[in-house]
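Remarks on the structure that follows.
The values are calculated or read from the model by the stated rules, or taken from the named source; none is laboratory data. On a predicted model such as this, the values are computed, not experimentally measured, just so you know. Glycine also receives a Cβ, built like all others from the backbone with ideal geometry; neighbour counts cover every protein chain displayed. Heavy atoms of the whole protein, side chains included, go into the accessibility calculation; ligands, DNA and RNA do not. Shrake-Rupley method; radii C 1.70, N 1.55, O 1.52, S 1.80 Å.
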Amino acid sequence: MGRRLMFRDFSLALNQIGDPRFRKVLLLGVGLTVALLFGLTVVFMYGVAWLVPESVSLPFVGQITWVGDALSWAMIPVMMGLSVFLMVPVAAAFMGLFLEEVSEAVEERHYPHLPPVERIPLAETIRDAAGFLGVLILANLVALVLYIFFAPLAPIIFWLLNGFLLGREYFQLVAMRRVGRAQAAVLRREFAPQIWVSGALMAVPLSIPIVNLLIPVLGAATFTHLFHRLTGTQAKT
């Protein structure tokens, strides 16, 4: 029964994916990420060109004047390779700044009887998003050791770890809008198993390119439904 309700939360979120506010958050997150990664590529290119001498003299070869340019242009494929790994976590962090808008869209459509809530201060949102990004990257770097030693179980470890992290983050984000940070933490501990399983449901598509970019938006929407279901608020479907 509980599992069926969790899929219902996800299904309601998925059915609203065409909402203009969902698209706005997705495009903002991806756009800012692409701009950041492009900017870093340019900075590294010019940085390498500035640090490497214009010419290098090698024994038996003589003067070489193209080393700096070659290394500078070599940064493009290097940064493109890094972008594959950085795109999703960085996009998730940027989207985290706007996910409150996703929860508002869900509540306006499915819970219109609820009173409006005050927006979480931007400084607090930035701090939470940056903290989550750091924990997400660090935890997955540590998990690489487990992936090596328990290779056949790597997908399960990935889903469980990221399910825990995503569930914790998205439930906290949604709940503290309505009940404050302290009470959100209490509810998170009380409903920890359901939150973890729902987070794992979000973590499964993380390994699918393109689809994984939708997870922050779908996660915030799914956990909005989960929060209201666990606290007894009926949705108007």
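Restrict the search to the stretch 107-210; then list the chymotrypsin sites (Phe, Trp or Tyr not before Pro) that DSSP places in a loop and that have at most 12 other Cβ atoms within 10 Å of their Cβ. Could you put the intermediate results ahead of the total?
Working: sites: PHE132, TYR147, PHE149, PHE150, PHE158, TRP159, PHE164, TYR170, PHE171, PHE191, TRP196; in loops: PHE150, PHE191.
Sites meeting the loop and neighbour criteria: PHE150.
Based on the Cα gyration tensor of the stretch 83-143, what are the three equivalent ellipsoid semi-axes, each the root of five times an eigenvalue, rounded to whole Å and given largest first?
On the way: eigenvalues 161, 34, 19 Å².
Each semi-axis is the square root of five times an eigenvalue, giving 28, 13, 10 Å.
Got a number for the accessible area of GLU190? Probe 1.4 Å, square angstrom, nearest 10.
GLU190 exposes around 110 Å² with every protein chain in place.
Can you list, largest first and rounded to whole Å, the semi-axes you get for the stretch 126-222 by taking the square root of 5 times each eigenvalue of its Cα gyration tensor?
Each semi-axis is √(5λ); the values are 24, 14, 13 Å.
What trypsin sites (Lys or Arg not before Pro) does the stretch 136-237 have in DSSP loop regions with at most 15 other beta carbons within 10 Å? Before the final figure, lay out the partial values.
On the way: sites: ARG168, ARG177, ARG178, ARG181, ARG188, ARG189, ARG229, LYS236; in loops: LYS236.
Hits after loop and neighbour filter: LYS236.
Taking 0.36 nm per intervening residue step and subtracting the Cα-Cα distance, what contour gain separates LEU160 from LEU146 on full extension?
Numbers: separation 14, 0.36 × 14 = 5.04 nm, distance 1.25 nm.
Between LEU160 and LEU146, full extension yields an extra 3.8 nm.
Per the 1.4 Å probe, what fraction of the accessible area of the stretch 89-237, in percent, lies on carbon and sulfur atoms?
Taking all protein chains in place, the stretch 89-237 shows 72 percent carbon and sulfur surface.
Run through all the Cα pairs of the stretch 184-237 and give the fraction in each 5 Å bin from 0, expressed as whole percent.
All Cα pairs, binned at 5 Å, distribute as 4, 18, 25, 23, 16, 10, 4, 0 percent.
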